[in-house]
1. Does S713 meet the test of being assigned to a helix (DSSP H, G or I), farther than 24 Å from N45 by Cα, at pLDDT below 95 and of a type in the set (G, A, S)?
2. Go through (1) in contact with an Asp or Glu (Cβ under 9 Å, 6 or more places away or on another chain); (2) small (G, A, S); (3) surrounded by fewer than 23 Cβ atoms within 10 Å (Cβ to Cβ) one by one and return the number of the condition G717 breaks.
3. So which of D158, D82, D59, D169 ends up being in contact with a Leu (Cβ under 6 Å, 6 or more places away or on another chain), among the acidic types (D, E) and over 19 Å from A225 (Cα atoms)?
4. So which residues in segment 321-342 are modelled with pLDDT of 95 or more, over 30 Å from S103 (Cβ atoms) and in a strand (DSSP E or B), if there are any at all?
5. If I ask for residues that are acidic (D, E) and either surrounded by fewer than 20 Cβ atoms within 10 Å (Cβ to Cβ) or not assigned by TED's automatic domain parsing to the domain that holds R597 (or both), which ones from segment 426-451 would you list?
6. Of everything in segment 294-316, what is assigned to a loop (DSSP other than H, G, I, E, B) and among the β-branched types (V, I, T)? Give them in sequence order.
7. Out of curiosity, is V198 in contact (Cβ under 8 Å) with a residue 12 or more places away in the chain, over 21 Å from F79 (Cβ atoms) and hydrophobic (A, V, I, L, M, F, W, C)?
Amino acid sequence: MKKFSKYIICLILIILSIFVLNLHEDENNKLLVQGNELSYKSFSNDYVTKLNNEMKSYDMEIPERFTLVSENETRALYFERDTLALAILNKTNGYVWYSYDISRNYEEEIQNNIISKEMANQMRSGVLLRTYNVFTPGLRTLLDTDLLGKSVIDIKIDTLVNGFLAHIDFTNVKIKFDLQVYLEGNDLVVEIPYDSIVEYDPKLFEAGNKDVLINEILIYPFLGAIEKADNGYIVIPDGSGAIVSLNEVPKYRLNYSAPVYGKDLGFTETTEVTSLNVTMIKPLARITLPIYGIIHEVDNTGLLVISESGANYATYNYVSRDVTTPYYQSYFTYSYRTAYKQFQSRVDKNQHILGFQRVPNIFDLKQRYVLLDGNEANYVGLAKAYRDYLVKNNELKDRIQEPQYRTKFDIIGNEIEQGILWNKNVPTTQYEDVVKIIKEVQTLGLTKLDMTYKAFAKGKMSYRFDVMGRLGGNNDFKDMLDFFDKEDIDFSYYVDYIRTYKQSKHTAMRLNRKAMQELNYSYMFAYYYINNTIELPELIEKDLKKYHKYDITELALDGFKDALYTHTDKKRNVHFSVENQTAIYEALQILQDNNIRTSIYNPDAYLYRYVNKYLDAPLSSSELLFVTATIPLVELIVSGYLPLYAPYLNFTSSETDTLLRLVEYGVNPCYVLSGENTYKLKYTNSSNIYVSNIASLKERIKTYDEFLQPALSSISGYELVNHYFYQSGVTVSTFSNGITVIVNYNDYDVQYNGLNIPARGYQVQ
């Protein structure tokens, strides 16, 4: 028996040795690094705003082939019968917006081989239908014909009170739907009701049938398209916002496409991490706004386009001129069905076929066009027009009553790392240490503070609320809260109901029945899993008792960037992102009804109605090559309504420029801290944090505060009412309290109206 025990012990030691060696090997092979949001940002800009533009009136003749269908005091709507093309007259200044270039003779150009018939049809067609035909997407137009030249599209027109209703039937592929186009006050509205979409092939999905399925719909993709404009640009909702000048020669002939609110994880496959050495990934900014803009002439005429319904399935597209056409384009595409991989082998992932959902994505498509003129026809006016739209629809509710310059600290309390046999907790900041840290911060002169506590709950394998004995237990936790209350410090607890780090009964399933997961850029976990968003109200209801017990009155919620997706349940029923959105509203309403405020990290626009604080506010666009300048589009929209806080300032590739951007946009600073040395985070899920100890950051926090305080104490919380580029590297921001801040990113002093603006500095006026 003793001899047998020795063998068992030796075997265990060998297994442990191999395990430890593998852990050491993982250190070399499993390191995937994503740059911080403020990494790699240059904040550079050469764009200069042309000021004092002359107000114009336009005299534009509408061709007789366009028929007047609706008119009011400020707008007139015309359409072309065969193409459903539009002409929208802004009576205020006489400008006409067309859905294609009417100056060209397309038939003559086709005959002379200047343009192909297919491209001419795409440019003129008001609606384009992209279908799957034997797994290959094909683009269909309202001008398509058969081999004999006979139209394969049947269009019947009904008159509406303020517009028209088109019954569109693509008879050759047996797909039909209704298009409603009408004036609503000063706006143009275009709708495709979901109930009107019919795929009426009786043999659809039968074996041997050549199925043709709806994939995407494009509505008026050439509306506002233009060859060039001396003083115009396209407004792109990338990150904080960006503009692209409409130059005769593009800066770069590149296209850009990105999903609104992020990609649909129900269809995509996660990149597999195998034998991966250090890989640096520059993060792209997200599209959190369902809008874009086209300014044909600054301070004269422009267009704001809002995806009012269907944004969950919308993709924003920018097309440079001279890529496929001579026009700059900006438009949304709407996805109704997406191919996904159905794996035939559990071993060989190359063995798969393409699968398609039986029912198209359920949503009513509704797009609103807001015509801009005068001083509204620029990116500031466009932002304010969208802000007014949000306020009117109760998406932005209350203005900030007491604007304040505040500093936010996220403190990591507990993390997790891999042990020899199982995962182990890594306490990094005890509750009593939090009090010590905040007291130390107060000695720096910072008085108006926000504090968020973040702890990994090993039992839930996620960041959830829990009062842990290893961090000090109930008494220390309550003492910490009492201290915050006494010092008038806003406290919130970090919670992520969407992402977990182990598959569970709550994990959502992709359409191919695989667990929904995404790459996780940390040493500890290669992936994270996505909880079923529909269960979010239930998860929050279960936690309410604990929130009330410990008097938690504010949560800092993260993970919503992954919350909207298409998925399937155990009974193979497909659920759509609109259901997820409804569940999110229900969950956040539960918190609101229980007097629990919600701060949200980088929230999408559909969440604004429940946001009390906007965390991780974008400070830049993705700075793509073709972009002319980054603009504060998000800040122009939400400032004055939502307090704004920056991403962590612990690590940034350009300290001074980052601080200047906070001043320019009126955004409060934020840091992540820990009581223990940052080295303890090296092998945890917070391995992407390189400096967090208060001892290391104390002087930096003080220096940053001394730089920011003179400006932010005057402007933070107030509405950003105007912004422009005075000269290369110099911006001017004006806030609702009358304060103007001039920011100079250059390495030399500049003069602004007799005021000296120091190099890499600013002045408050």
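The values are calculated or read from the model by the stated rules, or taken from the named source; none is laboratory data. These numbers come from a predicted model, not from an experiment. Here the Cβ is made from the backbone with ideal geometry for all residues, glycine too, and neighbour counts use every protein chain on show.
1. It is false that S713 is assigned to a helix (DSSP H, G or I), farther than 24 Å from N45 by Cα, at pLDDT below 95 and of a type in the set (G, A, S).
2. Looking at each condition in turn, G717 falls short on (3).
3. Step by step, each of D158, D82, D59, D169 is checked, and only D158 is in contact with a Leu (Cβ under 6 Å, 6 or more places away or on another chain), among the acidic types (D, E) and over 19 Å from A225 (Cα atoms).
4. Selection gives S335 alone.
5. Matches in segment 426-451: E432, E440.
6. Correct list: V298 only.
7. yes
Residues checked against (1) within 30 Å of K514 (Cα to Cα); (2) small (G, A, S); (3) modelled with pLDDT under 95:
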| position | (1), (2), (3) |
| --- | --- |
| Q589 | no, no, no |
| D616 | no, no, no |
| F626 | no, no, yes |
| G640 | no, yes, no |
